[in-house]
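Here the structure comes first, spelled out in structure tokens, and everything after it is commentary.
The values are calculated or read from the model by the stated rules, or taken from the named source; none is laboratory data. This one's a predicted model, so the numbers in the text were calculated from it and none came from an experiment. Quick reminder, even Gly has a Cβ in these numbers, built from the backbone with ideal geometry, and neighbours come from all protein chains shown.
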Amino acid sequence: MTDFATLLRPDRGEPARPLHLVDTALLPEWLKAHAGQRRPLVEAARFEGKAGQVLILPGAGAYAEFEVLVGVGKLAALTPWCLAAAAERLPEGTYRLAGEMPPGAAALGWLLAQHRLTRYKSKADTPIGPRVLLSSEPAKVADTIRLAEATALVRDLVDTPAADLGPAELEREVRDWAGPAGVDVEVTKGDALQQGYPMIHAVGAAATAARAPRLIEARWGDPAHPKLAIVGKGVVFDTGGLDLKPAAGMRLMKKDMGGAAHALALARLIVAERWPVRLHLLIPAVENAVSGNAFRPGDILTSRHGLTVEIDNTDAEGRLILADALTRACEEGAATIIDFATLTGAARVALGPDLPATFSNDDSLAADLLAAGTEVGDPLWRLPLWDGYDDMLKSELADMSNSADSPFAGTITAALFLRRFVSEGTAWAHLDTFAWRLAPKPGRPKGGEALGLRAVHAALSRRFRRQ
């Protein structure tokens, strides 16, 4: 993991190169006030203040042998990524904003622009060297570093090949954090899983013994505090089961544990920030493989809840394992449940890769999540739990089917499936997140991505830490 604490420090007045944030409207005024003989350089570089533009200019101060113009598009609408392009391109050294505005959330992009998973590079790219940002908001430094670490954790876990991240490795990831953090861990597998969590067991039964399915649970906090459950879909690889995916559909399926990565990252933030909650983290970890004992289309499974589920499609497996985990969370009296899952392709068709489809049975919780997402630059989009589509999950033989009998509203019917396993009166939100970036942007390389993590963190932080 990148040592983000070395890249963002409180500003104590040490020498640093200035970063001037400008947009297209401010640039003429800045040139008039500051540029002098540097105007031809700005014009020759065709620097216009557009987002992502970075221009090094001769410096005016003793230490500042150069200064930097950073285009941000619109100063009135800064994003967490407005400094990311500068952090990727500038030489090694120490920098500070030149007074136009405090770094705030912009420091997050500065940090994440300098993070890469290099584990699999036989010959790593020559590093530029650390670019350090001095912050005029020392109270926010630790919070920003924690968010960067959480985001990087999601990216690294999702980017790790499935051969190196099976259910056992996911369990070890939880245990390695939990021990030093004072978090209790319980893992259910084998016969106990088959008896207690039959749908988790069924989905993972076709995997090899070394990649056996399990339910990973972690608990922390005072039992007297409000109970908060975080659930993450942990399908470490999804072949589609006997309803086998085509090659193109299987290529990125190492990311099908992206929900688990989000859930673990959020749990780590909650514990590090010592929220007044009783936290219950649940990660059903399985590989949806193909073998002689794989569950089949037409099978009928009895869930932990007691509802029977007819299998229409073995590639609709994520909702099965989440259902048993949601049941467990409700049994322990969770007042609020958040689940993260890379659940449906239908969500991507509806909203594209950047917007997690968000469902909730509680309007107040949903409003908090959406508002926080807008504020922190991690947007969500709410879709309805439309009761009229419940009939799409009907089965002639069982209480319900695991997949709709219609090609329409796939992400909604998946959420409706999950809702049946949430107790009445429990505030619940479900995020169907892509957990992947298809094309690189400054501070956001192609690959695993945290989408919805910061929004949920911000919303729940206000909801629980103010109590």
Exercise. Kindly establish whether residue 350 is among the aliphatic types (A, V, I, L, M), in contact with a Ser or Thr (Cβ under 7 Å, 6 or more places away or on another chain), farther than 23 Å from residue 256 by Cβ and surrounded by fewer than 20 Cβ atoms within 10 Å (Cβ to Cβ).
Key: no
Quiz item: Which condition does residue 273 not pass, out of (1) farther than 15 Å from residue 427 by Cα; (2) free of Cβ contacts under 8 Å to residues at least 60 places away in the same chain, if it passes all the others?
Solution: (2)
Quiz item: Within the range 417-466, which residues are part of a loop (DSSP other than H, G, I, E, B), farther than 27 Å from residue 384 by Cβ and modelled with pLDDT of 95 or more?
Solution: 439, 440, 442, 443, 445, 446
Quiz item: Residues in the range 405-443 that are farther than 16 Å from residue 322 by Cα, charged (D, E, K, R) and touching a strand residue (DSSP E or B) at 6+ places or on another chain (Cβ under 9 Å): how many?
Solution: 1
Quiz item: So which pairs qualify, if the first residue must be in the range 172-183 and under 25 Å from residue 210 (Cα atoms), the second must be part of a loop (DSSP other than H, G, I, E, B), the Cβ gap must be under 9 Å, and the two must be at least 6 apart or on different chains?
Solution: 173/165; 174/183; 177/183
Quiz item: Among the numbered criteria (1) within 25 Å of residue 198 (Cβ to Cβ); (2) small (Gly, Ala, Ser); (3) in contact with a Leu (Cβ under 6 Å, 6 or more places away or on another chain), which single criterion is violated by residue 306?
Solution: (3)
Practice problem: Six or more apart or on different chains, Cβ under 9 Å: which pairs go from a residue in the range 440-452 that's in the same structural domain as residue 253 (by TED's automatic domain parsing) to one that's crowded, with 24+ Cβ neighbours inside 10 Å and assigned to a strand (DSSP E or B)? Could you list them? | Solution: 451/431; 452/340; 452/358; 452/431
Quiz item: Would the range 329-348 turn up any residue that is touching a Leu at 6+ places or on another chain (Cβ under 9 Å) and of a type in the set (S, T, N, Q)?
Solution: yes
Quiz item: Taking into account only those residues within the range 83-106 that are of a type in the set (A, V, I, L, M, F, W, C) and modelled with pLDDT under 95, which is farthest from residue 144 (Cα to Cα)?
Solution: 98
Exercise. Taking residue 435 as meeting all but one of (1) touching a Gly at 6+ places or on another chain (Cβ under 6 Å); (2) surrounded by 22 or more Cβ atoms within 10 Å (Cβ to Cβ); (3) over 21 Å from residue 234 (Cβ atoms), write down the number of the exception.
Key: (3)
Quiz item: Does residue 200 satisfy being farther than 23 Å from residue 218 by Cα and either among the hydroxyl-bearing types (Ser, Thr, Tyr) or surrounded by 15 or more Cβ atoms within 10 Å (Cβ to Cβ) (or both)?
Solution: no
Quiz item: Quick one: is residue 383 farther than 17 Å from residue 326 by Cβ and surrounded by fewer than 17 Cβ atoms within 10 Å (Cβ to Cβ)?
Solution: no
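Would a scan of the range 421-431 turn up a residue that is over 25 Å from the mean Cα position of the chain (by Cα), over 30 Å from residue 152 (Cβ atoms) and not charged (D, E, K, R)?
Yes, that holds for at least one residue.
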Practice problem: Specify which of the listed residues (335, 367) is in contact with a Pro (Cβ under 7 Å, 6 or more places away or on another chain), of a type in the set (A, V, I, L, M, F, W, C) and over 27 Å from residue 253 (Cα atoms). | Solution: 335
Practice problem: Check residue 401 against each of (1) within 18 Å of residue 453 (Cβ to Cβ); (2) surrounded by 18 or more Cβ atoms within 10 Å (Cβ to Cβ); (3) touching a helix residue (DSSP H, G or I) at 6+ places or on another chain (Cβ under 8 Å) and name the one condition it does not meet. | Solution: (1)
Practice problem: Could you check how many residues of the range 361-375 are hydroxyl-bearing (Ser, Thr, Tyr) and within 18 Å of the chain's Cα centre (by Cα)? | Solution: 1
Practice problem: Return the total of residues in the range 304-336 being touching a Phe, Trp or Tyr at 6+ places or on another chain (Cβ under 7 Å) and farther than 20 Å from residue 280 by Cα. | Solution: 2
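Go over the candidates 208, 188 one by one and state the one that is out of contact with any Lys or Arg (no Cβ under 8 Å at 6 or more places or on another chain), in contact (Cβ under 8 Å) with a residue 24 or more places away in the chain, within 28 Å of residue 301 (Cβ to Cβ) and surrounded by fewer than 24 Cβ atoms within 10 Å (Cβ to Cβ).
Every option except 208 fails the conditions.
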Practice problem: Tell me which residues, restricted to the range 425-467, are closer than 22 Å to residue 273 by Cα and β-branched (Val, Ile, Thr). | Solution: 456
